[in-house]
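Each value in this text was obtained by applying a stated rule to the coordinates, not by laboratory testing. If you're wondering where the values come from, they're calculated on a predicted model, not measured in any experiment. Please note: Cβ atoms are built from the backbone with ideal geometry, for glycine as well, and neighbour counts cover all protein chains shown.
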Amino acid sequence: MNTDAYTLECRDDGVAHLQLCRPERLNSLTPPFFPALRDSVTRLNAEGRTRVLVISSTGKHFSAGMALEVFDGGLAMLDTSDARRRLAFHDGLRQLMRCVNVLEEARFPVIAAVQGGCIGGALDLAAACDIRVCSADAFFTVQEIHIGMAADLGVLQRLPKIVPPAVAREMAYTGDRVGAERALAVGLVNAVLPDAAATLSHALALAAAIAAKSPLAIAGSKLALNYAVDHSTAEALQQMALLQSALFDIGEMRTAIAAWKGKQAAAFAPLASVPAGA
């Protein structure tokens, strides 16, 4: 699948690769990008064949975030001149948030492969991913504070659960760039690679390794991990008991154990598709 903003390739091994493709515009994000992303991820999730999604980019920077012209009259919803328009703004913002939330809510893990700048709205996207890896020249910044607004697509809510809260606050309040090595030290990324090509290669290899596991077990693990972020251990264990009762599959385990013992790839069935309108 191709759009003006990104390409989407689905491989036979269950790895899907979404690549931003506007390097001449620093892969800046325009309003149509967000519903297109939402629809693409929703479709992959519904079909059930995707086991891991990798999001990468082209050119010097991962993404410069929301295109600045959007804030200069480029989006009708930004008119907040009266109460009715502010109510419409609220609804429009919630819809934009949902376009990012799909990354977190998908049944499969999402890996961000970042090179160069991951700026503003791009950091909202990266924070919603399960895993982030980056190149040595990468940097991350909450750019919104520089243009007089609080970031509003999820980074302020997710970042304190990824990095130490004081680091998240420093990033949010100053907009300072966090380079690759510090990002690794504070847990924002899992690995730093020499360049963009090595970063993408690492992300795809990691995705392939995850895709080789039971998609049922991976989906269950993601549900459990996501729930544990915002709940006590006792509450998360209660959820895990219910979740495992729904997902435990001895046949899936036999397939996994046989493949593990035989040091060969297992042939797992894809997840069931989600009915239209569900």
For segment 208-219, take each phi angle, set θ = phi - 60°, evaluate the Karplus expression 6.51 cos²θ - 1.76 cosθ + 1.60, and give the result in whole Hz per residue in order, putting x for glycine and proline. 5, 5, 5, 5, 6, 7, 4, x, 5, 5, 5, 4
Given labels modelled 7 Å from the Cα in the Cβ direction, how far is it in nm from Asp152 to Arg98? 1.7 nm
Below 17 Å Cα-Cα, how many Lys pairs turn up in the chain? Only count pairs eight or more apart in sequence, or on different chains, if you could. 4
Can you give me the distance in nm between label points at Asp82 and Ala136, each placed 7 Å from the Cα along the Cα-to-Cβ direction? 5.9 nm
Where the centroid of each part is defined by its Cα atoms, how far is segment 102-159 from segment 214-238 in Å? 22 Å
Could you check the simple spin-label distance between Arg25 and Ala267, using points 7 Å along Cα→Cβ, in nm with one decimal? 4.5 nm
From the backbone phi of segment 199-207, what are the Karplus-calculated ³J(HN,Hα) couplings (6.51 cos²θ - 1.76 cosθ + 1.60, θ = phi - 60°) in whole Hz, Gly and Pro given as x? 5, 5, 4, 5, 5, 5, 5, 4, 4
Log entry: pair-distance distribution for the chain, C-alpha pairs binned every 10 Å from zero, whole % per bin is 6, 27, 35, 23, 8, 1, 0
